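K.L.:
Got a structure for you, questions after.
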Amino acid sequence: MSTTMTMAKAINAGLRAALESHPNSLLMGEDIGSLGGVYRVTEGLKADFGADRVMDTPLAESGIIGTAIGLALRGYLPVCEIQFDGFVFPGFNQITTQLAKMHSRSEGALSAPVVIRIPYGGGIGSIEHHSESPEALFAHTAGLRIITPSNPQDAYWMIQQAVACKDPVIVFEPKRRYWLKGDVDTAAPTSDPFSAHIVREGTDATIVAYGPLVPVALAAAAAAEEDGRSVEVVDLRSISPIDFDTVTESVRKTGRLIVTHEAPTFGGIGGEIAARVAERAFLSLEAPVLRVGGFHMPYPVAKVEEHYLPDIDRLLEALDRSFAY
């Protein structure tokens, strides 16, 4: 059965389904209960499942994550919400030195199936610490799975798949796409959440994007088509692990690759993808792999953020540079 939902509503429905399917699952975070979260993603869940399973926490990210680790070790399936991307750093130590290492430290005897939801990215006209993209910091830490939906269908199913996963999963939710509408088939699960999807086929160049920039990449590909260029768009979906097979296969077909993300290109996920493609498909490349992303600077104030965020024009300019080789 297919229903039109916003991404925020799809995540809400996915969390509801997870709570119904897993009696040992629970939600915890700042203002997620009575308020329903800043973006109302958890609205109505406390009323339906009770305060035991939808818990408002103190403003203490380290405490939220530490408590979730303890709960997971005792057989629960905690789903934590970090209210904004820039608020995660007080919990960074718990995530990278404890949560990510628990399975390895115990030689496989213990698992910590904690899900951490993080609204991320810019484009909402907000203030400092509310528009960041810290995904690369976590991807560098082995032991964490990291996924990011770009549409309501994926959002509905990926949050449920994250809860069912035995490993720690960070779900980066593109907050400026919370109001993006799309069809959600609640009867047909999406594919493996750790695989990439080709969302537009093409023959002349590949754009790899994830999360908030997938709609931008699709719009750029449509604009490029007016100039006679056939651009394939790959929605990465998973940041750790990365589905390099799908990306490499696309590049072998098209010969050109643009990687785009809101995070700064310096030290970003795009650099890892560029290196792997150069290793795997060097002889197929007609031009260097190009990256389009944020600049190596603190996220700017709201009135100039449009100059920081990758847009259609910057992607088209990168395509022009690629085709100039």
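The values are calculated or read from the model by the stated rules, or taken from the named source; none is laboratory data. Only a predicted model underlies this, so the values are computations on that prediction, with no experimental measurement involved. As a convention, Cβ positions derive from the backbone with ideal geometry for all residues, glycine included, and neighbour counts pool all protein chains shown. In case anyone asks, the SASA skips ligands and DNA or RNA and just uses the protein heavy atoms, side chains included. Shrake-Rupley method; radii C 1.70, N 1.55, O 1.52, S 1.80 Å.
K.L.:
Assess whether A164 counts as being in contact (Cβ under 8 Å) with a residue 40 or more places away in the chain, of a type in the set (G, A, S) and open to solvent by 50 Å² or more (accessible area, probe 1.4 Å).
P.N.:
Here the answer is yes, as A164 does meet what is asked.
K.L.:
Additional query: Would you point out the residue of the stretch 178-204, among those that are assigned to a strand (DSSP E or B) and in contact with a Leu (Cβ under 7 Å, 6 or more places away or on another chain), that is nearest to T3 (Cα to Cα)? It would help to see each step written out before you state the result.
P.N.:
First pass over the stretch 178-204, keeping only residues assigned to a strand (DSSP E or B): 181-185, 197-200.
Okay, now just the ones that are also in contact with a Leu (Cβ under 7 Å, 6 or more places away or on another chain), so 199-200.
Details: V199: 20, R200: 22 Å.
Only one residue tops the list, namely V199.
K.L.:
Still on this model: Which ones in the stretch 102-137 are under 23 Å from V304 (Cβ atoms), open to solvent by 50 Å² or more (accessible area, probe 1.4 Å) and out of contact with any helix residue (DSSP H, G or I) (no Cβ under 6 Å at 6 or more places or on another chain)?
P.N.:
Within the stretch 102-137, I127, E128 qualify.
K.L.:
Search the stretch 211-232 for residues being in contact (Cβ under 8 Å) with a residue 60 or more places away in the chain and open to solvent by less than 10 Å² (accessible area, probe 1.4 Å), and hand back the single one that is farthest from A275 (Cα to Cα). Please lay out each step first, then the result.
P.N.:
So in the stretch 211-232, the residues in contact (Cβ under 8 Å) with a residue 60 or more places away in the chain come out as 211-217, 219-220, 223-224, 229, 231.
Cutting the leftovers down to open to solvent by less than 10 Å² (accessible area, probe 1.4 Å) gives us 211-214, 217, 220, 224, 231.
Numbers: G211: 21, P212: 23, L213: 21, V214: 21, A217: 21, A220: 24, A224: 26, V231: 21 Å.
Ranking the candidates gives A224 first.
K.L.:
Return the pairs, sorted by first residue and then second, in which the second residue is open to solvent by 40 Å² or more (accessible area, probe 1.4 Å) and modelled with pLDDT of 95 or more, the first residue lies in the stretch 310-322 and is under 21 Å from S284 (Cα atoms), the beta carbons are less than 7 Å apart, and the residues are 6+ apart or on different chains.
P.N.:
Pairs found: L319/R229.
K.L.:
Let me ask something else about it. Scan the stretch 187-196 residue by residue and report those that are open to solvent by 50 Å² or more (accessible area, probe 1.4 Å) and under 26 Å from P119 (Cβ atoms).
P.N.:
Answer for the stretch 187-196, where residues must be open to solvent by 50 Å² or more (accessible area, probe 1.4 Å) and under 26 Å from P119 (Cβ atoms): P189, S191, D192.
K.L.:
Out of the strands (runs of 3 or more DSSP E) lying entirely within the stretch 1-101, which hold 2 or more residues that are open to solvent by 20 Å² or more (accessible area, probe 1.4 Å), closer than 20 Å to W157 by Cβ and of a type in the set (S, T, Y)?
P.N.:
Result: 2-6.
K.L.:
Which count do you get for residues in the stretch 270-309 that are open to solvent by less than 50 Å² (accessible area, probe 1.4 Å) and either touching a residue at least 24 places away in the same chain (Cβ under 8 Å) or not hydrophobic (A, V, I, L, M, F, W, C) (or both)?
P.N.:
Residues meeting the conditions: 18.
K.L.:
Which of (1) out of contact with any Gly (no Cβ under 7 Å at 6 or more places or on another chain); (2) more than 15 Å from A18 (Cβ to Cβ) is the odd one out, the single condition V169 does not satisfy?
P.N.:
The single condition V169 does not satisfy is (2).
K.L.:
Hey, could you check the stretch 310-325 for residues that are surrounded by fewer than 21 Cβ atoms within 10 Å (Cβ to Cβ) and hydrophobic (A, V, I, L, M, F, W, C) and say which is farthest from A217 (Cα to Cα)?
P.N.:
The residue in question is A324.
K.L.:
I'd like to know if the stretch 1-14 contains one or more residues that are over 23 Å from P134 (Cβ atoms), modelled with pLDDT under 95 and among the aliphatic types (A, V, I, L, M).
P.N.:
Yes, that holds for at least one residue.
K.L.:
Please go through the stretch 24-51 and pick out each residue that is touching a residue at least 60 places away in the same chain (Cβ under 8 Å) and either touching a strand residue (DSSP E or B) at 6+ places or on another chain (Cβ under 6 Å) or among the hydroxyl-bearing types (S, T, Y) (or both).
P.N.:
Of everything in the stretch 24-51, those that are touching a residue at least 60 places away in the same chain (Cβ under 8 Å) and either touching a strand residue (DSSP E or B) at 6+ places or on another chain (Cβ under 6 Å) or among the hydroxyl-bearing types (S, T, Y) (or both) turn out to be S25, G29, Y39.
K.L.:
Continuing with the same structure: Residues in the stretch 169-177: is at least one assigned to a loop (DSSP other than H, G, I, E, B) and either open to solvent by 20 Å² or more (accessible area, probe 1.4 Å) or at pLDDT below 95 (or both)? Please lay out each step first, then the result.
P.N.:
To start, the set of residues in the stretch 169-177 that are assigned to a loop (DSSP other than H, G, I, E, B) comprises none.
No, every residue in the stretch 169-177 fails to be assigned to a loop (DSSP other than H, G, I, E, B) and either open to solvent by 20 Å² or more (accessible area, probe 1.4 Å) or at pLDDT below 95 (or both).
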